[in-house]
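The block underneath contains the structure these notes are about, expressed in structure tokens.
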């Protein structure tokens, strides 16, 4: 009986497999041509930031009306009357009704824990309002609200309307792109290249100041004159990440 020779065949298989593993990989572009025939583009990456500063064109005043009573219903009714008085004082002075919005409302019990058992003292109701006016009327709104029964002014934010913010952001983006392009030109010149065009562009976020508490009802009530506020400028910034093709 003859023995079958399988070792040479096995060795041949290993040689063929090794040949497949050692063969160079070829990447193709979207068009299907070999990457070895394509020319890699030279790029320059830069980041630009632009800022625009302008006077605030919107003031947001946060007003709180608070009261305490023996029952929750009594506290609710009292705070409702006080808020109505504040609203009337503001609208009578020309503040638009849709510029006065409720931002919070709550009623909760208050207890005295000094004894062995807690003692119910009453119920506290709080109604908070957001009032939007022109910056030069913020002090007037504070005086009117406090005079009509507001318990405190929780803060004033000098900011921008949506229209003004969009306008300033567009300008900030233009400045950011100009800054990124200037850097790319400088790098290209130092490298003996020329910027040929934009490869990709990514827009970052924008930032501007948030609300700052600047006045409180207790201080305003003690003041002999009207409340005067001095808003600072508002800055809108934008960032872009640019990749330029160079040649």
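The values are calculated or read from the model by the stated rules, or taken from the named source; none is laboratory data. Remember, predicted model here, so these are calculated numbers, not experimental data. Every residue, glycine as well, gets a Cβ built from its backbone with ideal geometry; the counts of neighbours run over all protein chains shown.
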> Any residue in the stretch 4-24 that is more than 30 Å from residue 120 (Cβ to Cβ), modelled with pLDDT under 50, in contact with a strand residue (DSSP E or B) (Cβ under 7 Å, 6 or more places away or on another chain) and outside the structural domain of residue 136 (by TED's automatic domain parsing)?
Replying inline: no
> Counting only residues that are surrounded by 19 or more Cβ atoms within 10 Å (Cβ to Cβ) and farther than 30 Å from residue 128 by Cα, how many does the stretch 155-169 have?
Replying inline: 2
>> Please verify whether residue 139 is surrounded by fewer than 18 Cβ atoms within 10 Å (Cβ to Cβ), in contact with a helix residue (DSSP H, G or I) (Cβ under 9 Å, 6 or more places away or on another chain) and assigned to a helix (DSSP H, G or I), treating the condition exactly as stated.
In response: no
> Among the listed residues 172, 215, 182, which satisfies the condition of being at pLDDT 95 or above, buried (at least 17 other Cβ atoms within 10 Å of the Cβ) and touching a strand residue (DSSP E or B) at 6+ places or on another chain (Cβ under 9 Å)?
Replying inline: 172
> Which of the residues spanning the stretch 49-70 are assigned to a loop (DSSP other than H, G, I, E, B) and either buried (at least 18 other Cβ atoms within 10 Å of the Cβ) or in contact with a helix residue (DSSP H, G or I) (Cβ under 9 Å, 6 or more places away or on another chain) (or both)?
Replying inline: 55, 56, 57
>> Suppose we filter 68, 103, 46 for residues that are at pLDDT 95 or above and not assigned by TED's automatic domain parsing to the domain that holds residue 133; which single one remains?
In response: 46
> Could we say that residue 88 is crowded, with 17+ Cβ neighbours inside 10 Å and in contact (Cβ under 8 Å) with a residue 60 or more places away in the chain here?
Replying inline: no
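A quick yes/no check of all residues on (1) free of Cβ contacts under 8 Å to residues at least 24 places away in the same chain; (2) more than 30 Å from residue 168 (Cβ to Cβ):
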| position | (1), (2) |
| --- | --- |
| 43 | no, yes |
| 57 | no, no |
| 73 | yes, yes |
| 79 | no, yes |
| 84 | yes, yes |
| 109 | no, yes |
| 114 | yes, yes |
